[in-house]
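Just below is one structure, and these are the notes that go with it.
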Amino acid sequence: MKNNSSMVANAPNISKKLHIKDIAKYKMLYVMLIPGVLCLILFQYLPMAGIMIAFKDYNLSEGILKSPWAGMKHFYQLFSNPTSIQIISNTIIISLYKLIFGLPAPIILALALNEVGNHYFKKLVQTISYLPYFISWVIVAGMINNILSPNGGIIPLIISSVTGEKNISLMTEPKVFRSILVISHLWKETGWSSVLYLAALSSIDVTQYEAAIIDGANRMQRIIHITLPSLYSLIITVTILACGNILNAGFDQVFNMQNSMVMEVSDIIDTYVYRIGIVQMSYSFSSAVGLFKSLTGLIMLLLVNFVSKKLTNEESGIW
Amino acid sequence: MKSNTLGDKVVLSIVYFTLFLLFLVTLYPFWQVLILSISSRKEALTMGLHLSTKEVDFTAYKQVLQTEEFWLYFKNSIVRVVVGTLLSVLMVSLTAYPLSKSDLPFNKTITSLFLFTMMFSGGLIPTYLVIKSLKLTNTIWALILPYSASAYNIIIMRNFLRSIPGELTESAYIDGANEFQIWYKIILPLSKPAMATIALWVAVVQWNAYLDVLIYITDRNKYVLPIILRRVLIENQSSMYISNDMSGVITTPTEETVKSALIMVSTLPIVAVYPFLQKYFTKGIMLGAVKG
């Protein structure tokens, strides 16, 4: 608004009228915005206002507005309760592992696919590797249960044929459960995540490769010095966005794969909020946990974006 | 490319080998489900790899498709996907069109309000309380409306609409059409590719969405497929799909067979549109890559 008025400052008399006229001209456009903005307000901004119950002692009979204020009580509880500390650290560990393996995996896949000359082979691998992305976690969890089943699942069979151990129950083993989460995450997401990198790779100028071949660069050198550098800005963007999701360890996956035996290592913020919020109905405390999660995500996103801009002289950030 | 040295050949063989391995590892779980679902009881009970089956047996499919419950939830899922997708695509286009006009006053403010929701949200519980106080629980709207004006999809659509040349709408202005008519008659038909992308996007999310059903739907008659899938696949309550009284225990399919058949029929809609998904999803990713 300020820019607008300063731009027309030399004609102050007509500026205000012009503005009203503009609004009339755009009336229909504003009308068209109504459904979308209404949904935005109802399902995004109203819940944001509802966050206030994190600072209240919500009870059903008095509603959100009339329930008494509780200050930072629920946040003190969050950081003093050993269970919630355990849950926060589980969340960070699981999503950090997913980040560490999940970031390079699709890049490597895209680089590998980019080297494949045979069109049919490339298409075949792509088609199959994208498929798991479209299947829900409930089904994937069911498949994993089957493959890891102690009664004849293929993975325990392989392990027992090597080590001689019997009755290997991987899904209930706390030591390996997080690895199962990370591996199944990679299985489901890697193929699809590579699409973005493949799209970027398709825009590389072929003459660069030709020049490199004339200079005697071998395949590996070409990958390292031409292909990989062309992905840098994309990698930074993906990393920044992933850091904003650091407390998003994946509800659908964990909820459908966890069981009472591995609760200690697998319970994450989202499953915890669901349990104490929806099932046990302690709305205020679970909202506080949720707010902690959203705020951490926002701060991480802004922080990493800021650092990346500083490091690259304002060149790579998400905005 | 020429100049294939020995080192190059080694690198290339490693690439092909790794990709082939990846192909097998990704395919096998799906293949096993397919084979198990059509295996006879005897073969389903054998341990090890299920690469093929000697006798094909569709009993498990019959039993799954016989139950009324399955059809009810399948129908609910279909309704959710169809209504949700249509509504969302229309709403996204309707919202994105005004926002694609950079001369519209307050455009930046409204766009930022949408963008902010991609970085911060009220969270599960406050959203739940809002939807509950709007009396939307146990209705299909609780599953559809919150996602229908998705900020990400609106931004993608806005970027697409900006690439439509202005001359195409100018003549309509001269003929005295208003903005809504222009949107309806010119913009909608022109933006079919972007709409297809977003429609498939939304459809997959709606078909697979799980948490919202768990939270907002408590009425058993309004459940959708993922709920029953969890009950059968994760909580092992498949008894209702295994009818022992038919012809004795020996011919009834195993629990794993029934599970596999259920997985097959509930992924079928996704697999059926998969060729389109692959094509348009990739296009959508490219659209999204344009910085807005």
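The values are calculated or read from the model by the stated rules, or taken from the named source; none is laboratory data. Values in this document were obtained by computation on a predicted structure and should not be read as measured data. Virtual Cβ from ideal backbone geometry, glycine too; neighbours counted across all protein chains shown.
Quick look at the numbers
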{"read-out": "Condition check for B:Thr109: buried (at least 16 other Cβ atoms within 10 Å of the Cβ) and either of a type in the set (Ser, Thr, Tyr) or at pLDDT 95 or above (or both)", "value": "no"}
{"read-out": "Lone qualifier among A:Pro229, A:Pro174 - being surrounded by fewer than 15 Cβ atoms within 10 Å (Cβ to Cβ), more than 9 Å from chain B (Cβ to nearest Cβ), in contact (Cβ under 8 Å) with a residue 40 or more places away in the chain and closer than 28 Å to A:Met300 by Cβ", "value": "A:Pro174"}
{"read-out": "Qualifying residue in the stretch A:238-251 (condition: within 28 Å of B:Asn208 (Cα to Cα), at the interface with chain B (Cβ under 9 Å from one of its Cβ atoms) and of a type outside the set (D, E, K, R))", "value": "yes"}
{"read-out": "Residue match in the stretch A:165-174 (condition: in a helix (DSSP H, G or I) and either in contact with a helix residue (DSSP H, G or I) (Cβ under 6 Å, 6 or more places away or on another chain) or over 19 Å from B:Trp31 (Cβ atoms) (or both))", "value": "yes"}
{"read-out": "Candidate set from the stretch B:136-171 (those that are surrounded by fewer than 16 Cβ atoms within 10 Å (Cβ to Cβ) and free of Cβ contacts under 8 Å to residues at least 24 places away in the same chain); member that is nearest to A:Val37 (Cα to Cα)", "value": "B:Ser163"}
{"read-out": "Residue in the stretch A:257-268 that is within 21 Å of A:Met48 (Cα to Cα), buried (at least 23 other Cβ atoms within 10 Å of the Cβ) and either in contact with a Lys or Arg (Cβ under 9 Å, 6 or more places away or on another chain) or in contact (Cβ under 8 Å) with a residue 40 or more places away in the chain (or both) present", "value": "no"}
{"read-out": "Failed criterion for A:Leu196 (all others in (1) modelled with pLDDT under 90; (2) surrounded by fewer than 17 Cβ atoms within 10 Å (Cβ to Cβ); (3) touching a helix residue (DSSP H, G or I) at 6+ places or on another chain (Cβ under 6 Å) hold)", "value": "(2)"}
{"read-out": "Helices (runs of 4 or more DSSP H) wholly inside the stretch B:1-74 containing at least 1 residues that are more than 19 Å from B:Val265 (Cβ to Cβ)", "value": "B:6-37, B:41-44"}
{"read-out": "Residue in the stretch B:84-96 that is out of contact with any Ser or Thr (no Cβ under 6 Å at 6 or more places or on another chain), of a type outside the set (D, E, K, R) and more than 21 Å from A:Pro35 (Cβ to Cβ) present", "value": "no"}
{"read-out": "Any hit, the stretch A:201-210, residues being closer than 22 Å to A:Lys73 by Cβ and either in contact (Cβ under 8 Å) with a residue 60 or more places away in the chain or not hydrophobic (A, V, I, L, M, F, W, C) (or both)", "value": "no"}
{"read-out": "Filter result (facing chain B (nearest Cβ under 8 Å) and not aromatic (Phe, Trp, Tyr)) within the stretch A:260-294", "value": "A:Asp270, A:Val273, A:Gly277, A:Ile278, A:Ser286, A:Ser287, A:Gly290, A:Leu291, A:Lys293, A:Ser294"}
{"read-out": "Odd one out for A:Ile214 among (1) exposed (fewer than 15 other Cβ atoms within 10 Å of the Cβ); (2) within 10 Å of another protein chain (Cβ to nearest Cβ); (3) of a type in the set (Val, Ile, Thr); (4) in contact with a helix residue (DSSP H, G or I) (Cβ under 8 Å, 6 or more places away or on another chain)", "value": "(4)"}
{"read-out": "Filtered residue count, the stretch A:70-82, keeping only those that are of a type in the set (S, T, N, Q) and in contact (Cβ under 8 Å) with a residue 40 or more places away in the chain", "value": "1"}
{"read-out": "Residue ID - farthest from the other protein chains (Cβ to nearest Cβ), chosen from residues in the stretch B:218-239 that are farther than 11 Å from B:Tyr73 by Cβ and not in a helix (DSSP H, G or I)", "value": "B:Asp219"}
{"read-out": "Residue match in the stretch A:49-71 (condition: among the polar types (S, T, N, Q), surrounded by 15 or more Cβ atoms within 10 Å (Cβ to Cβ) and either at the interface with chain B (Cβ under 8 Å from one of its Cβ atoms) or part of a helix (DSSP H, G or I) (or both))", "value": "no"}
{"read-out": "Which numbered condition A:Ala24 fails, given (1) surrounded by 13 or more Cβ atoms within 10 Å (Cβ to Cβ); (2) modelled with pLDDT under 95; (3) outside the structural domain of A:Phe251 (by TED's automatic domain parsing)", "value": "(1)"}
{"read-out": "Only listed residue being over 30 Å from A:Gly142 (Cα atoms) and small (Gly, Ala, Ser), chosen from B:Ala203, B:Ala142, B:Ala196", "value": "B:Ala196"}
{"read-out": "Meets criteria (within 8 Å of chain A (Cβ to nearest Cβ), free of Cβ contacts under 8 Å to residues at least 40 places away in the same chain, buried (at least 18 other Cβ atoms within 10 Å of the Cβ) and part of a helix (DSSP H, G or I)) for B:Thr95", "value": "no"}
{"read-out": "Out of A:Leu298, A:Leu228, A:Leu303, A:Leu291, sole residue that is at negative phi and touching a Leu at 6+ places or on another chain (Cβ under 8 Å)", "value": "A:Leu228"}
{"read-out": "Search result, residues across the stretch A:145-157 that are touching a residue at least 12 places away in the same chain (Cβ under 8 Å) and within 8 Å of another protein chain (Cβ to nearest Cβ)", "value": "A:Asn145"}
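For every residue, the table says whether it meets (1) away from every other protein chain (no Cβ under 11 Å); (2) within 19 Å of A:Gln44 (Cα to Cα); (3) crowded, with 22+ Cβ neighbours inside 10 Å.
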position	(1), (2), (3)
B:Leu51	no, no, no
B:Gly84	yes, yes, yes
B:Leu87	no, yes, no
B:Phe116	no, yes, no
